[in-house]
1. For the range B:300-353 and the range B:107-138, what is the separation of their C-alpha centers, rounded to whole Å?
2. Kindly work out what percent of the DSSP beta bridges joining two residues of the range A:34-134 are antiparallel, to the nearest 5.
3. What is the antiparallel percent of DSSP beta bridges lying wholly in the protein assembly as shown, to the nearest 5?
4. Under 5 Å between amide H atoms, partner at least 5 residues away or on a different chain: which partners does residue A:299 have, H built in plane at 1.01 Å?
5. Under the 0.36 nm per residue contour assumption, what length would be gained going from the current alpha-carbon distance of residue A:8 and residue A:30 to full extension?
6. If I build a Gaussian network model for chain A, linking alpha-carbon pairs within less than 10 angstrom, which residue out of A:83, A:15, A:178 has the largest mean-square fluctuation?
7. Where the centroid of each part is defined by its Cα atoms, how far is the range B:387-458 from the range B:229-276 in Å?
8. Could you calculate the FRET efficiency of residue B:118 with residue B:98 from 1/(1 + (r/R0)^6), where r is the beta carbon distance between them and R0 is 30 Å, rounded to 0.05?
Amino acid sequence: MSAGGRSWGPVLLTILCALATLAAVDAALHLVAPPKPLLEIDQAMDQYAAGDPAVLALGSSHARSFIAMDKALSQRTDGARRIQAVPVEWGKYTPYAWVLKHRILPILTERNASGALVRPSLRHVLLVTEWWDSTALDPGTGSITMALPARAWQWGDFFADLGENGLTPYNQNFLQRIWREWWSVSTLVQDRGYENITKGLREAVRGKDLEAERASYDNRLKGWQSMVEEGAGHLFDPAQKQSLEEMVGTLQGLGLDVTIVLYPRMPGTLSAKAKETTLRQFSDRMQAFTRDHRLRFVDMTFTNPLTDDDFEVDFDHVKPEGNRRLAEWALDGDLAFLAGKGATGGAQ
Amino acid sequence: MSLVGLEFAFFFPVVFLVHWLGPRRAAWQNAVLLLASVAFYATWNLKLLGVLAAATAVSFGAGVLLSVLGAGEQDPVRAAVGQRKRKAVLVASIVAELGLLGVFKYAGFFAESFNALLGALGMPDALPVLRLVLPLGISYTTLIQVGYLLEVYWGRAPACRDPLAYSVFVGFFPQLIAGPIVRARTMLTQYLVPRHLAPAGMAAGAGTFLLGFVMKAFVADWLSPRVVDPVFADPASFGAGALWIALFGYATQLFCDFAGYSLMAIGTGRMFGLELPENFRYPFLSKSLAEFWRRWHISLNTWLFDYLFAPLTTGRSWFRGRAGAGFLVVFLVSGLWHGATWTFVLWGLAHGVALAGHHAYDEWYKRRCRADRRYVAWRKATPYLLASWFVTQAFFVLTLIPFRAPSIGAAADFAKGLLGLGGVEGLGQRFGLQAAACVLFFVGFHLLEIGPGPAWKARFLALPVPVRGVFYGLVLAFLLVYVPVGASTFIYAQF
């Protein structure tokens, strides 16, 4: 980059042209793979602080389905009742508990000068979960590198961890999140790790390779199914269970009505073995847990209005239209109480 | 922290701004760089920072003592006493520096080897095998400090009296992990004066960093998990074709990894107004092993030749005038420096023997040239040059087998496989378009240095500034799309 010489002009011009090119390429790639902004914890906390919702939906990325439910509930109650989704990406119970303790409770229990709660509306908490959330952090190793209270951290949390452990793959998640937040409009940044740009460009040049797509689908399905089937041996890891109990205890201690919601699974991906072992066992044990702790229990694992077409290619998340149908269906059924029937308590 | 990691994108701008926005004084600039280097090191292991600090304090103190003892002494008796004291300080400080390296890097290896020897003789283990965490960059910082002490002792460089400048000289963060191994005469002097932010330096720094980033993050990091690692992990399963591709892939990866890191370090240095030494000069163009080692890891090899080979072959020991034996010692040390395993010893031995052989051949050929001038012409002819190039490169690539293999047995399996005596598995989808792009980059990088290459480079640099800006923008966009995601480590950081 020999633009130097003795003057800054050429250097600055080079940088400007490079940045302009980068921005132009980025804008063009929006057509191939537009970035999909996702609700993260920071934004969810800001919304919570500003909105004082009646319902809190805490869970992994699945909690984002409750953004659609918020709209549906708001319509049904003329805006009187709102749901705040708090998605902990890749989360399990220990990260949920961390988020509850360090991010949600300070807002939930904030009081004004006269001692009254600043946000007194919260009545219900939905803990949105599935079997994977209850397993050890990385089954077999107990370590965790990809996840993710780090996504809920603030700079202070990051530096504290950095001081204690040095730079680790775990706390690097925080930097990743910040970086993605800063460049939220950039396709080039948001697509890192997803490869939608290369896929889109390949398809634009060569057309869709249906055979390869099918093979990839079958391959992923096989891996997905064996992961779910093997999950039975890892359910309710002691550390995760303890975090779940702590969360429930904290929320009940605040006088909140807690519901455990088992998130829908994509029907076409469920082998008979998975249904009979991992999913059945998880549902039964979670139902027993809710009975013991006097919680509501809503199991959508198999019982829901969704078809395979309503799920994203990752087999795990529901598409926007599916989320809308799921919301209407749930608010007509097991979650009808969110509209105000049978509401009790409130944060104390 | 790594120069190629996302964390560096947070770290560098902060250090850069604090460094240049503060007072234009050497003390301020050195303080900022020292603080940044400490933070850089601490992100890896705060506790082991003490080892580096202690080693730096010892070499700094020893340097000052070396400059004070016997200085300006007129009386010959006192001067001789002063000289003896200087020698004692030099030996003690070098023993301390190398002792630290020995304990952390070699104690386990020697204990294991000794126990194995006893085992072969039917005796029980006699030494406990220590498994210590190797302090980051200790192999590099030790050589920097030993080199400094020798230079001061020989009077080739003045002792540094500024602890701040000296600490940055030893531990400047871009060079901390994997060099270049800096010298007092060229680097220390730069830290003693204020640096200025110049457009040319900044542009050259950014360009060098970008080139290094492409080599490391695009080429090396792409080849490693897809082409190299799977084959070296299980060479017995793969067919000869896959093994040859993996071996050439490893040569490419190793070069791009290390040369890429060096360029990023040099580029970062330039952006702080500092000129770190060149570490690679197109080694794959070399037509002899001696030339290869003048172009590959230049800072290590010049160190070894200046501080080991030269004193050895020009001193008063048996080695005097025996260059072949000197090569053997230098490359055995180089092998051990790379790692405390028998595979590295084997690698060093192979190169030592080859260099000694080449030296003997060269001497013989020169005698022939003096006797018959046709030999001079033959040596300059294209077939001779091509054959020399091929033999040199083939030898280097083949010796990468023990360099990369986890054990001598695995290296033997790999070598057998190259002859078609192994498995049958191919690389399949692993060797795709992107691998071809990596190879193309690697070949193109070297070709730009020969024939019409330099003229093309000059023509590119003469293009209007906006055109070059657009080019750099496209390179950045390409990198954002194609550089593999994930934390990557530098191969030479482990040495």
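Computed from the coordinates by the stated procedures, all read-outs in this text should not be read as laboratory data. The structure presented is a predicted model; accordingly, all values stated were derived computationally and were not measured. Cβ coordinates were reconstructed from backbone atoms using ideal geometry, including for glycine residues, and neighbour counts include every protein chain displayed.
1. 23 Å
2. 10 percent
3. Percent antiparallel among DSSP bridges in the protein assembly as shown is about 10.
4. The list, which skips near neighbours in sequence, is A:262.
5. This chain segment gains 4.6 nm when fully extended.
6. A:15
7. 10 Å
8. Details: r = 25 Å, r/R0 = 0.85.
The pair residue B:118/residue B:98 has a calculated efficiency of 0.75.
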